[in-house]
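*Asks:* One structure coming up, written as structure tokens, with questions to follow.
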Amino acid sequence: MMSIDSLFRVALPLPLPRGFDYLPPADHSPSAADVGKRVRVPFGAREMIGVVVAIAARGDGMPELRQVLAVLDETQLLHGELLESLRWLSRYTHAPLGEVLGTALPTLLRQGEPLPDTHAWAWRLTADGIQGWPRLRKGTRPRRLAEWLLASPIDASSHHQRDEDALDLHLDDWRSAARALDKRGLVERVAIPASTVAPDPQPGPPLNPQQRTAVEAILGTQGFAPLLLDGVTGSGKTEVYLHAIADCLRRGKQALVLVPEIGLTPQTLARFRQRLGVPVLALHSGLSDNERARGWAAFARGEARVAVGTRSAVFTPLPQAGLIIVDEEHDASYKQQDGMRYHARDFALVRGKALDVPVLLGSATPSLESLHNANSGRYAHLRLNQRAGDAKPPSVRVQDVRKRSLEAGLSADTLAAISTALDADGQVLVFKNRRGYASVLLCHDCGWSAQCKRCDSPMTVHGAGRRLQCHHCGARQAVPPACPDCGGLALQPQGIGTERIEEMLTEKFTGVPVLRIDRSTTQRRDALAGHLQKLGDHPGILVGTQILAKGHDLPHLTLVVVVGVDEGLFSSDFRAGEKLAQQLIQVAGRAGRAQKPGQVWLQTHHPDHPLLNTLINGGYHAFAASELEQRRAAGFPPFAHLALLRAEAKQVDAANAFLHAAKSAFTNSIRDAARLESGTSRSGQQSALEIQGPLPAPMSRRAGMHRTQLLLSSPSRRALHALLDTALPAIHDLPEARKVRWSLDVDPLDLY
């Protein structure tokens with residue numbers, strides 16, 4: 001029992017590196033069991049929700065403290081491994097603990113709502129529905145849904161009902177039909193115990209020898225171990241995941257699977273539900289606040305067994321953890337690029353170590369950091385070199401398009417290859433990693449181009465040339481009727497985007513569907529799954545961005561055309577080559593995954609570029625070996641550790657003044673550390689630290705703010721974090737810090 005003079009130390013979701021002390025409520029005696037509970041507290045003129053992170057003693061001479069308004073939880077909401085891992089994340093990212101805890105909690109819990117019920121949901125016909133379903137029009141989705149519900153098993157209350165997981169498996173787009181019937185009073189949604197929802201497990205295909213070896217290695221792992229499942233596209237990594245999860249379930253444990261995109265979730269969920277025989281929860285930003293909170297609560301209570309989620313799912317409580325899987329571990333979307341900048345893959349490894357469970361990282365194109373760790377023996381390296389079943393690797397053709405006439409970026413030979421593939425009842429993917437109609441609007445008379453007024457970048461042309469949009473700040477405007485500079489009428493879209501390719505292909509191939517898959521067409525929930533279902537197994541063309549390069553199984557795809565390879569061949573970003581190589585391998589791997597052979601056409605003006613030659617002749621691992629040697633020589637990750645201090649301000653002088661003051665704070669800390677280290681075995685660690693800048697960011701102005709940055713680099717992770725630990729308190733207190741918006745990104749993926 002704590003003293004009556006004990007205080008609550010509360011972490012609030014504020015960009016301040018400290019906790020706040022409050023008196024407990026009058027009727028509450030603080031104890032260690034309060035750590036991890038949410039409280040409502042006064043803060044200035046408002047009220048906020050925070051988390052108790054410590055019980056502190058009230059010392060003599062302390063200022064008058066305000067009192068906690070309410071303790072919101074009867075038991076600890078955050079505790080044990082998850083709370084300690086979040087404390088570690090705060091220390092590693094040097095982000096305030098309150099911001100870290102706020103990021104980790106679902107929105108409703110951050111707002112102080114109680115932990116929700118964790119029942120499942122089912123749909124059933126009402127009395128009116130049982131009487132009126134024959135009047136529904138035949139062949140429609142509402143009629144099919146009503147017929148399927150009528151044929152469903154009868155529950156204990158004599159109702160025909162089906163749970164939502166079963167509906168997901170058997171009926172396409174049933175939710176819109178259910179909403180329509182619900183409005184007419186013909187169906188109703190009812191809560192059912194979560195434990196009753198379990199689809200019948202279905203057997204999978206037999207494992208090939210390489211898959212079996214990988215599964216045996218995973219099942220033989222005791223306690224924490226990082227494992228890299230390095231398998232070519234189509235090699236059956238998901239089958240390995242399913243066997244590992246099935247073993248986890250047999251042991252009564254929980255499994256968490258991370259995927260990089262929401263679009264992958266429905267496909268993965270359907271497959272997992274069919275095979276595992278237990279409910280599989282989805283956890284991603286496309287869910288409602290209530291759905292996300294219910295999923296979090298179901299895991300916290302130990303009721304849920306398997307979850308498939310995107311980046312933020314890494315914060316899911318795992319009281320009975322057995323396995324963590326990170327699919328497509330190389331994907332950049334695992335890195336949070338604003339707010340608290342964490343990497344979900346790396347935090348999954350930290351949690352796996354704390355939970356003492358295996359962490360399985362899967363990819364056909366592993367990140368260079370993961371490959372380096374595997375090559376160094378820090379990760380177990382599991383290889384799948386052959387495609388599953390009878391599928392063969394696609395043939396790759398580099399097409400030199402120099403001096404060739406191009407139509408919406410496609411050559412005549414490419415268009416002929418598309419026609420041939422369609423005539424053979426195949427499907428075609430045209431990959432262009434730029435959405436919109438064209439990359440810029442240009443005046444052919446005077447050279448004026450439509451630039452964003454708030455960013456240092458051109459506005460992208462959308463809507464078949466009728467609308468301009470900035471992809472960095474979201475600004476929109478109509479295309480001007482004439483050139484603002486010269487008054488001329490020769491305004492022409494320049495460059496190629498997915499909209500323009502879609503328009504041209506729709507005109508060329510009138511007898512087949514042409515579907516565009518990019519951020520603009522997949523914003524609605526389950527929109528990507530709907531597009532792919534619409535295409536089905538019929539001949540057709542997909543025009544898409546990198547959304548289509550990630551893990552989708554398209555068994556009827558026989559031709560992949562990559563447009564705009566050259567854009568990634570020349571870049572100042574030290575990761576550009578790695579990103580392009582991964583993108584090309586991933587998108588090429590969509591072709592020829594079933595019985596039909598696949599082809600990949602790479603259009604380029606640089607057919608002799610070393611990166612392309614290495615990829616085609618040696619594959620991704622030959623590229624990775626060469627790139628790692630270049631990184632070692634240049635002192636880039638994984639052979640160095642980086643931290644990027646960014647500053648944004650309306651006036652560039654304010655941003656630079658802050659960074660110069662911050663640089664002085666870093667320099668002083670390095671000097672003090674060197675003085676303390678002199679004569680010790682650690683002497684010289686600090687001297688290896690490098691500080692570059694202040695420099696303009698590669699995009700020096702965005703959303704009206706000037707952007708500058710300071711880059712810290714060290715071959716020693718320990719030395720880099722020691723510097724940040726000592727210098728950041730002084731940087732927070734700088735007068736210049738209050739005049740800018742600044743952030744720290746530890747282990748940045750890019751320097752933009």
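Just so it is clear, none of the values below were taken in a lab; they were calculated from the coordinates. All figures in this text were calculated on a predicted structure; none of them were measured in a lab. Positions of Cβ are generated from backbone atoms using ideal geometry, with glycine treated the same way; all protein chains shown enter the neighbour counts.
*Asks:* For 459, 504, what ranking results if the residue with the fewest other Cβ atoms within 10 Å of its Cβ goes first?
*Replies:* 504, 459
*Asks:* Within the chain, what percent of beta bridges assigned by DSSP are antiparallel, to the nearest 5?
*Replies:* 55
*Asks:* Related question: Under 1.5 on a/c is rounded, so check that first for the range 641-746, then, if it is not, pick prolate when a/b is larger than b/c and oblate when it is not; a ≥ b ≥ c are the square roots of the alpha carbon gyration tensor eigenvalues.
*Replies:* In terms of gyration-tensor shape, prolate.
*Asks:* Next up: Using a Förster distance of 51 Å, how high is the FRET efficiency between residue 653 and residue 289, based on the Cβ-Cβ distance and rounded to 0.05?
*Replies:* Computed FRET efficiency for residue 653 and residue 289 comes out at 0.75.
*Asks:* Calculated FRET efficiency, residue 606 and residue 490, Cβ-Cβ r, R0 30 Å, to nearest 0.05?
*Replies:* 0.50
*Asks:* Modelled label-to-label distance, residue 16 and residue 65, 7 Å Cα→beta-carbon offset: nm?
*Replies:* Each label point is offset 7 Å from its Cα along the Cβ direction, giving 1.5 nm.
*Asks:* Calculate, for residue 571 and residue 26, the FRET efficiency according to 1/(1 + (r/R0)^6) with r their C-beta to C-beta distance and R0 60 Å; round to the nearest 0.05.
*Replies:* 0.45
*Asks:* What number does the range 6-110 give for Rg over Rh if you use C-alpha atoms and the Kirkwood radius? Show your work: numbers first, answer last.
*Replies:* Working: Rg = 13.0 Å, Rh = 13.9 Å.
Using only Cα positions, Rg/Rh for the range 6-110 is 0.94.
*Asks:* What list do you get for 35, 740 if you sort them by fewest beta carbons within 10 Å?
*Replies:* Exposure proxy ranking, most exposed first: 35, 740.
*Asks:* Calculate for the chain the 222 nm mean residue ellipticity that helices alone would give, adding -39,500 (n - 2.57) per DSSP H run of length 4 or more and normalising by residue count, nearest 500 deg cm²/dmol.
*Replies:* Details: 21 runs with 240 residues, N = 752.
The helix-only estimate for the chain comes to -10000 deg cm²/dmol at 222 nm.
*Asks:* Moving on to the next point. On a full-extension model of 0.36 nm per residue, what is the gain between residue 190 and residue 537, subtracting their alpha-carbon distance, rounded to one decimal in nm?
*Replies:* Details: separation 347, 0.36 × 347 = 124.92 nm, distance 3.53 nm.
Extra length from residue 190 to residue 537 when fully extended: 121.4 nm.
*Asks:* Name the cysteines of the chain that stand alone by the Cβ rule: no other cysteine Cβ under 4.7 angstrom.
*Replies:* 248, 473
*Asks:* With each pseudo-label sitting 7 Å past Cα toward Cβ, what's the residue 113-residue 507 distance in nm, one decimal?
*Replies:* Calculated label separation equals 4.9 nm.
*Asks:* Say each of residue 629 and residue 135 gets a label point 7 Å from the Cα, pointing the same way as Cα to Cβ; how far apart are those two points in nm?
*Replies:* 7.8
*Asks:* Starting from 0.36 nm per residue, how many nanometres of slack lie between residue 613 and residue 202 once their C-alpha separation is accounted for?
*Replies:* 143.6 nm
*Asks:* What aspartates and glutamates could a cross-link reach from residue 253, if we take a straight Cα to Cα line under 13 Å and drop same-chain neighbours fewer than 8 places away?
*Replies:* Of all the aspartates and glutamates, those that pass the test against residue 253 - Cα under 13 Å, at least 8 places apart if same chain - are 303, 356.
*Asks:* Ranking 29, 411 by Cβ neighbours within 10 Å, fewest first, what do you get?
*Replies:* Listed from fewest to most nearby Cβ atoms, that is 29, 411.
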